[in-house]
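What follows is a short report on a single structure.
The values are calculated or read from the model by the stated rules, or taken from the named source; none is laboratory data. This structure is a prediction, so every number in the text was calculated from the model and none was measured. Counting neighbours? That spans all protein chains shown, and the Cβs are built from the backbone with ideal geometry, glycine included. What goes into the accessible areas is simple: the full protein's heavy atoms, side chains included, and nothing from ligands, DNA or RNA. Shrake-Rupley method; radii C 1.70, N 1.55, O 1.52, S 1.80 Å.
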Amino acid sequence: MAVLINEQIRASEVDLTGLSGEHLGVVSREEALAMARSQGLDLVCTSLMSSPPPCTLVPKGRGKALAQKKAAPTKPDASRNSGKSKSAKEKVKEFRFTAHIEEHDYDTKLRQADKHLRSGKPVQLVVKATGAKEAAAAKAVLERLLMDLKDVGVKESGIQTSGKGSQVRVNPK
């Protein structure tokens, strides 16, 4: 989105807002520029979508900073999502298993998933199956995992089974 400053504004009339946010009404471009110059301010237009375009008087030099801020890609603000509220793009730790997993490997990954859930983070449990015959074994591994993790987490939805395996997302309690 373009931010126009002072002489870059080409509209004949602008809807002007003062330095402290007061609405000054629709004035000519020249009058708005004269006001800005006489008070040592910049005239900034942030939207070209309306007629007359809305313009604001800002302290000298702040117009450029505002333009750069508008041009910079916005990053999600972590401080807004404080507490237990989960954002839509939250990272989910994925744990992958095979349909015929060794007992020691199962225990290790189960401990890691348990630790993640206890720290308040959701996990995605995925069991890969190489063929249709292993699909039942994959689902059985997931059901066993859910039983072992029932004290620290709850499944978000049912077990999702596809041709190459099964998966389920577990949220912390």
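Can you tell me which condition Gly158 does not meet? The list is (1) in a loop (DSSP other than H, G, I, E, B); (2) touching a Pro at 6+ places or on another chain (Cβ under 8 Å), and all the others hold.
Among (1) in a loop (DSSP other than H, G, I, E, B); (2) touching a Pro at 6+ places or on another chain (Cβ under 8 Å), Gly158 violates only (2).
Can you name the number of the only condition in (1) at pLDDT 85 or above; (2) within 29 Å of the chain's Cα centre (by Cα); (3) surrounded by 12 or more Cβ atoms within 10 Å (Cβ to Cβ) that Ser119 fails?
Here Ser119 clears every test but (3).
Which one of these is of a type outside the set (Asp, Glu), at positive phi and either surrounded by 12 or more Cβ atoms within 10 Å (Cβ to Cβ) or at pLDDT 90 or above (or both): Gly153, Gly165?
Gly165
Report, by residue number, each residue of the range 1-45 that is over 33 Å from the mean Cα position of the chain (by Cα) and at positive phi.
Those that are over 33 Å from the mean Cα position of the chain (by Cα) and at positive phi: Asn6, Gly25, Gly40.
All but one of (1) assigned by the TED database to the domain that holds Lys155; (2) of a type outside the set (S, T, N, Q); (3) within 25 Å of the chain's Cα centre (by Cα); (4) at pLDDT below 90 hold for Ala136, so report the exception by its number.
Of (1) assigned by the TED database to the domain that holds Lys155; (2) of a type outside the set (S, T, N, Q); (3) within 25 Å of the chain's Cα centre (by Cα); (4) at pLDDT below 90, only one is false for Ala136: (3).
Does the range 130-148 contain at least one residue that is assigned to a loop (DSSP other than H, G, I, E, B) and either among the aliphatic types (A, V, I, L, M) or open to solvent by less than 10 Å² (accessible area, probe 1.4 Å) (or both)?
Checked the range 130-148: no residue is assigned to a loop (DSSP other than H, G, I, E, B) and either among the aliphatic types (A, V, I, L, M) or open to solvent by less than 10 Å² (accessible area, probe 1.4 Å) (or both).
What are the pairs with Cβ atoms under 6 angstrom where one residue, in the range 90-103, is in contact (Cβ under 8 Å) with a residue 12 or more places away in the chain and the other, located anywhere, is of a type outside the set (Val, Ile, Thr) and open to solvent by 80 Å² or more (accessible area, probe 1.4 Å)? Sequence gap at least six, or different chains.
Thr98/Lys128
Counting only residues that are closer than 12 Å to Val123 by Cβ and in contact (Cβ under 8 Å) with a residue 40 or more places away in the chain, how many does the range 154-173 have?
Qualifying residue count, the range 154-173: 6.
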